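What follows is a single structure, written as C-alpha cells, with notes after it.
Nothing in this text is a laboratory measurement; each read-out follows from the coordinates by a stated rule. All of these numbers come straight from a predicted model, not from anything done at the bench. Neighbour counts run over all protein chains shown; Cβ positions are idealised from the backbone, glycine included.
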Amino acid sequence: MNPAVIELKGICKTYNPGTPVALEVLHGIDISVRGGEFACLIGPSGSGKTTLLNLIGLLEWPSAGSYHLKGRPIEQAGDDERTRARLETLGFVFQFHHLLPAFSALENVMMPGLMRYGAYTAEQRANAAELLAAVGLSSAMHKRPPELSGGMQQRVAVARALALSPDLVLADEPTGNLDTHSADDVFGLLRRFNETRGTAFLIVTHDPRLAARCDRVVELRDGVIVGDAPRQR
Amino acid sequence: MMRFEWAVALRFLWEGGMQTVLIIAGATVGISVIVFISGFLTDLQRDLIRRTLGVQPGIIVRPAEEVARPLRGGAGAGSIEQVQARAQRLRSVDQWQALQAELEAMRGIRAVSPVAAGPGLVTRGDVNKSVTITGIVPERYAAVTRLDEKIVAGDLRLNPGDTVIGTDLARDLGVELGDKVRLSTPTSAGDAYLVRGIYDLGQRNLNRAYAYVTLPTAQALLNLPGGVSSVELAVEDLFGAEALAARLQARTPHEVESWMKANSQLRTALNNQTVMTLLVRFFLALVVAIGVASVLIVSVVQKTREIGILRAMGASRGRILRVFLLQGVLIGAVGALLGSACGYLLTSVMSNVLRGDDGAPLFTAVFNPELYFYTVLGATVLGLVSAVMPARRAAHLDPAQAIRL
C-alpha cells in the first residue's frame with residue numbers, strides 16, 4: 001500500500017471565529033489520500049466540499065486538527081512553506097479551468113516549471129508539449145485560452161496540473177461546466193493520468209455517473225464525512 | 001529567479017493594451033514637462049544672468065576699504081564718541097601681478113583680468129558726460145566678460161590712443177566709429193582718443209557707463225602708475241561663485257565680492273524662480289506617481305483571479321509583489337526615456353521660438369546628460385514607489401477568495 005500523501009485528523013474550519021456570525025463548516029474531518037488513489041468527494045451544495053478541498057490544497061488554514069502532507073505536519077506552516085508545498089506536491093484543476101488568459105496553452109502548462117526553476121527550459125517545453133499532446137491539443141498549443149472551447153480549456157488545465165508531476169491533483173468539479181461528451185473526455189484523461197503516471201486524484205463532483213467511475217467515494221454532508229468507501233470497478 | 005516576474009509583468013502590461021499605453025503616455029508627458037522645465041530654467045537663468053550682469057565678472061577682487069583708526073590716549077583717556085569714516089581713494093590692489101598668477105592657478109577660475117577703473121569725463125565739443133574710465137587688457141577682459149561678443153561696431157583691439165564706448169554714449173555725443181573724443185579725469189587733463197569700437201550691453205545705463213582704454217592709458221589717466229583698481233575673475237560654476245569668493249576671502253587681505261552678493265535682488269529672484277519650478281516639478285512627479293499607482297490598483301482588481309491562480313499554483317507573495325513592482329518600474333523607465341526625448345525636443349523647439357525684444361533667442365538649449373540620467377533614475381524609482389501600494393495589495397490577496405471571484 002502506498003504511503004499517504006495527505007492525512008487530516010479532526011479538522012475543523014470556522015469562519016469569523018469569536019464573532020456573533022461565527023460559522024463552523026467542517027466538524028472533525030478525518031481523511032487521508034494515498035499515492036495513486038483515484039478518489040472523489042461528493043455531497044450536496046453547502047456541505048463543505050470546496051472548503052475541505054481548499055484546506056487540503058493549503059489555500060486556507062484549519063481552525064483545529066492536524067494535517068500531514070507526505071508525513072510532514074503542515075497545519076501551522078507559514079505562507080511561504082505552504083506555497084512551496086503547493087508548488088512541489090499538489091496540482092489544481094478548477095471548475096472554471098482558471099487558465100491565465102494572457103498566456104498561450106503551452107505557456108500555461110509551462111508556468112509551474114517557470115515558478116519552480118525560474119526560467120523556461122527546453123526540457124520543460126518538451127514536457128509541456130508532451131502533456132498537451134497527451135490531452136489531444138498538439139495543434140492548439142500556441143492558442144490562448146479565449147480561442148479554445150470549454151472542454152479544450154479544461155484539458156489544458158489538466159495538463160498544467162500535471163506539469164511538475166505532483167503527488168496529488170485536487171480537482172474541484174472539473175467537469176461541472178462541460179457538456180456530457182466533454183465531461184467524459186476530461187474525466188477519462190484524469191483516469192488515464194492516474195493509471196499511467198500513478199498520480200493520486202481527489203475530485204469533487206456532483207455527477208453520480210462520474211463518481212461511479214472512481215475507486216473511492218467520500219461523502220460529505222453538513223461538514224461531516226458520512227461515507228468513505230472503496231468501489232469495485 | 002526573476003524570469004517568472006519578468007514574464008508575468010511584461011505580459012500583464014502587454015495585455016493591459018490601451019490602459020498601459022495611456023499610463024506610459026501620461027508618464028511621458030509629465031516627465032517631458034519636468035525635463036523641459038529643468039532644462040529651460042537652467043538655460044534661461046544662465047542667459048538671464050549673462051544679460052543682466054553685462055560686463056560684471058563672476059568675482060571681483062578690490063583693495064580692502066580704508067578705515068579710520070583713531071589714536072587712543074593712555075590710561076584714563078575717554079572713549080571717542082564719533083569716528084568719521086575715511087574717504088575711499090582710488091588705490092591699487094597690492095601685489096596684483098602675484099595675485100593674478102595665484103588666481104590663474106586656482107581650480108574653478110576660468111579667466112583673470114586686471115582692471116584699472118575710475119571716474120572720468122568724456123567730452124566732445126561742449127558736451128560732457130561722466131563715465132567710468134576702464135583700463136583693460138582686451139583679450140583678458142574679453143575672456144572674463146565676453147565684451148568682444150557685444151561689440152556692434154569696430155572691435156576691441158585697443159591701441160594706446162583708442163577707446164571703446166557704448167551705443168547710447170556714442171549717440172549722446174554724436175560720434176561714430178573713427179571719431180575722436182576727449183577723456184579726462186580729476187587728476188589728468190586727458191587727451192583725444194579715437195573711437196575704435198562701440199558696444200551694446202542691452203541696457204541703456206550700461207551703454208553710457210564705460211569708456212574702455214588700454215590698461216597703461218587708464219593707469220596714466222587715473223594716476224595709478226603700474227596699479228589696478230581690481231582683479232576680475234570668470235568662474236567655472238556661476239552659482240558656486242559665492243562659495244569660491246568666501247574661500248578666496250579667507251586667504252587674501254583684499255575685498256572679494258561675488259556677482260551673487262553684488263546683485264542680491266537678482267539672486268533672490270532667481271532663487272524664488274528655482275523654488276517655484278521645484279514645486280511645479282514636485283507636483284508633476286506626484287501626478288505621475290498617482291497615475292501609475294491608480295492604473296496598477298485597477299490592474300490588481302482586474303487581475304485578481306489571475307493572481308489567485310498564480311498563488312494557488314505556487315507563486316509566493318514575494319513573487320506577486322515583485323511582478324507589480326516591476327510593472328511600476330517598467331512604466332517609470334519607459335515613460336522617463338520617452339519623456340526625456342520629448343523634453344529635449346521641446347526645449348530645442350522652444351529655444352528657437354521664444355525670443356527677447358532684440359530678436360535674439362531668450363535662451364540657448366544645452367544638452368545636459370546629468371539631467372537626463374537623474375530624470376530616468378528618478379522616474380524609475382518613482383515608478384517603483386508608486387507600485388508599492390498596489391503590489392502589496394496584490395501580494396496579500398487571499399488565493400482561495402481570489403479564485404472564487
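Couple of notes before you dig in:
- For the stretch B:11-136, the fraction of alpha-carbon pairs in successive 10 Å shells from zero, as %: 9, 17, 19, 17, 14, 10, 7, 6, 2, 1
- Counting Cβ atoms of other protein chains within 10 Å of each residue's Cβ and taking the mean over peptide A:104-117 gives 3.
- Within the same chain, lysines fewer than 8 places from B:Lys261 are excluded, and of the rest, those with a Cα less than 28 Å from its Cα are B:Lys150.
- Taking the Cα centre of the stretch A:1-74 as origin and assigning +1 to Lys and Arg Cβ atoms and -1 to Asp and Glu Cβ atoms, the resulting dipole is close to 140 debye.
- Computed from the C-beta positions of A:His68 and B:Trp14, the FRET efficiency with R₀ = 60 Å rounds to 0.90.
- Percent of C-alpha pairs per 10 Å bin, the stretch B:95-207, short to long: 13, 43, 30, 12, 2
- A straight line joining the Cα centroids of the stretch A:24-70 and the stretch B:1-74 runs 62 Å.
- Cross-link pairs beyond the 23 Å C-alpha cut-off, checked among A:Lys143/B:Lys303; A:Lys49/B:Lys303; A:Lys9/A:Lys49: A:Lys49/B:Lys303
- Dipole magnitude of chain B about its Cα centre (Cβ charges: Lys, Arg +1; Asp, Glu -1), debye to nearest 20: 1600
- Cα-based values for the stretch A:146-207, radius of gyration first and Dmax second, are 11.1, 31 Å.
- Our summary gives the stretch B:309-393 a relative contact order of 49 percent, counting only alpha carbon pairs under 8 angstrom and 6 or more residues apart.
- Kirkwood Rh (inverse of mean 1/r, distinct Cα pairs), chain A, angstrom: 18.1
- Principal axes of the stretch B:324-386: Cα extent on each, largest first, Å: 53, 17, 14
- Summary of the geometry: the stretch B:223-252 and the stretch A:101-121, compared by the centres of their Cα atoms, lie 69 Å apart.
- All aspartates and glutamates inside 19 Å of A:Lys13 as judged from Cα atoms, apart from same-chain residues fewer than 8 positions distant: A:Glu24, A:Asp30, A:Glu60, A:Glu75, A:Asp79, A:Asp172, A:Glu219, A:Asp222, B:Asp398
- Selection from B:Leu330, B:Leu279, A:Val33 lying farthest towards where the dipole of the protein assembly as shown points positive, charges on Cβ: A:Val33
- Coordinate range of the alpha-carbon atoms in the stretch A:2-47 per principal axis, descending: 44, 22, 11 Å.
- Selection from B:Val295, A:Ala140, B:Leu371, by position along the positive dipole direction of the protein assembly as shown (Cβ): A:Ala140
- Potential lengthening between B:Arg251 and B:Glu65 on full extension [0.36 nm per residue; Cα-Cα distance subtracted]: 65.3 nm
- Computed over the alpha carbons of the stretch A:178-223, Rg followed by Dmax gives 11.5, 35 Å.
- Over the stretch A:1-115, all Cα pairs binned in 5 Å intervals from 0 give whole-percent P(r) values of 2, 10, 18, 21, 19, 15, 10, 5, 1, 0, listed from short to long.
- Computed from the Kirkwood radius of its Cα pairs, the Stokes-Einstein diffusion coefficient for the stretch B:121-270 at 10 °C and 1.306 mPa s stands at 96 µm²/s.
- Remark: spin-label model distance B:Arg182-B:Glu236 equals 5.0 nm, labels positioned 7 Å along the Cα→Cβ axis.
- Packing, taken as the mean count of other beta carbons within 10 Å per residue, orders the peptides B:212-224, B:187-199 from highest to lowest as B:212-224, B:187-199.
- Taken over chain B, the convex hull of the Cα atoms encloses 224 Å³ per residue.
- Using alpha-carbon coordinates, inclination of helix B:304-313 to the longest axis of chain B, degrees: 70
- Taking 4.7 Å between beta carbons as the limit, the unpaired Cys residues of the protein assembly as shown are A:Cys12, B:Cys342.
- D (Stokes-Einstein, µm²/s), Kirkwood Cα radius, the stretch B:282-332, 1.002 mPa s at 20 °C: 181
- Between B:Leu354 and A:Asn177, the simple spin-label model (points 7 angstrom out along Cα→Cβ) gives 5.8 nm.
- Viscosity 0.890 mPa s, temperature 25 °C, Stokes-Einstein D of the protein assembly as shown from Kirkwood C-alpha radius, µm²/s: 77
- Two-site FRET efficiency, A:Ser149 against A:Gln76, from Cβ-Cβ distance with R₀ of 51 Å, rounded to 0.05: 0.75
- Per-residue ellipticity at 222 nm from helix content only, as computed over the protein assembly as shown with -39500 (n - 2.57) for each DSSP H run of at least four residues, stands at -15000 deg cm²/dmol.
- Euclidean distance between Cα centres, the stretch B:115-192 to the stretch B:279-328, Å: 69
- Neighbouring Cβ atoms from other chains, within 10 Å of the Cβ of residues in A:49-57, number 2 on average.
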